[in-house]
Amino acid sequence: MKKGIKYLLIAVCFVLLAYNSVYVKKLSDMKKTEEKAFDAYAYAKDFLYKKVPAGKDKALDLSQLLADLKNNPRQAFSNSHAQNNGDIRFFMVKGKGQITRIDDSNTYLSLPGSSAQIALATEYIIGNAARDGSGIISVDEFTTTMDMNTVSEELNKLIRAEVLPPFEAKAKQGDIVDFTGCIELNQARSLPDTIEVIPLILEVK
């Protein structure tokens, strides 16, 4: 009788141990955990402060690009980037211009060798230009399109919060600005009178 109770207790302990060591987790929960693992802020910061400066030399001279877009747009757009094959295309550009005017939304520059008006965006930092202009970031890097879109949002936030404030505190009419940034153009339309640049790197001379 005692042996029976002993064996029964051993069996109960074995069942409890086995029960506590085995568990089932929903596949949907696992997927949610994987999605949470992507840190869009860290990705955006690494891109802005490491990859962009490292690839700065590959940015196109804006004055030359504007001339090329007028003379041979097909060839010029072959140097653009985008995540799809639509008409909206992006370029990473650089230049040095003089501040002609500052308002609540933009800082306007004149570029040597170009009659175009350049507007450094200082208020409305939106869209995917900052993400896609360099061609460094590929859709293949991301598990979901949401992750990729979140990178755009985090990049735009970083530009507003960290790139622009020190520039705006210092910049004034007549100053020379050395800039690297991104522009968005529609290859099915003519060049706009004002070229808006989403800034990535700004230096007031």
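The values are calculated or read from the model by the stated rules, or taken from the named source; none is laboratory data. Since we're looking at a predicted model, the values are computed, not measured. No Cβ is skipped: glycine too gets one built from the backbone with ideal geometry, and neighbour counts run over all protein chains shown.
Among the criteria (1) over 20 Å from the mean Cα position of the chain (by Cα); (2) modelled with pLDDT under 95, the one GLN173 does not fulfil is (2).
Among the residues of region 115-131, is there at least one that is crowded, with 16+ Cβ neighbours inside 10 Å, on the phi > 0 side of the Ramachandran plot and at pLDDT 95 or above? The answer is yes, given that some residue of region 115-131 is crowded, with 16+ Cβ neighbours inside 10 Å, on the phi > 0 side of the Ramachandran plot and at pLDDT 95 or above. In region 98-105, the condition of being of a type in the set (Gly, Ala, Ser) and in contact with a Gly (Cβ under 7 Å, 6 or more places away or on another chain) is met by no residue.
Rundown of residues vs (1) surrounded by 17 or more Cβ atoms within 10 Å (Cβ to Cβ); (2) in contact with a strand residue (DSSP E or B) (Cβ under 6 Å, 6 or more places away or on another chain), yes/no style:
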position	(1), (2)
PHE47	yes, no
LEU60	yes, yes
PRO73	no, no
GLY86	no, no
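Out of curiosity, is ILE176 touching a helix residue (DSSP H, G or I) at 6+ places or on another chain (Cβ under 9 Å) and among the aliphatic types (A, V, I, L, M)? Against the criterion (touching a helix residue (DSSP H, G or I) at 6+ places or on another chain (Cβ under 9 Å) and among the aliphatic types (A, V, I, L, M)), ILE176 does not qualify.
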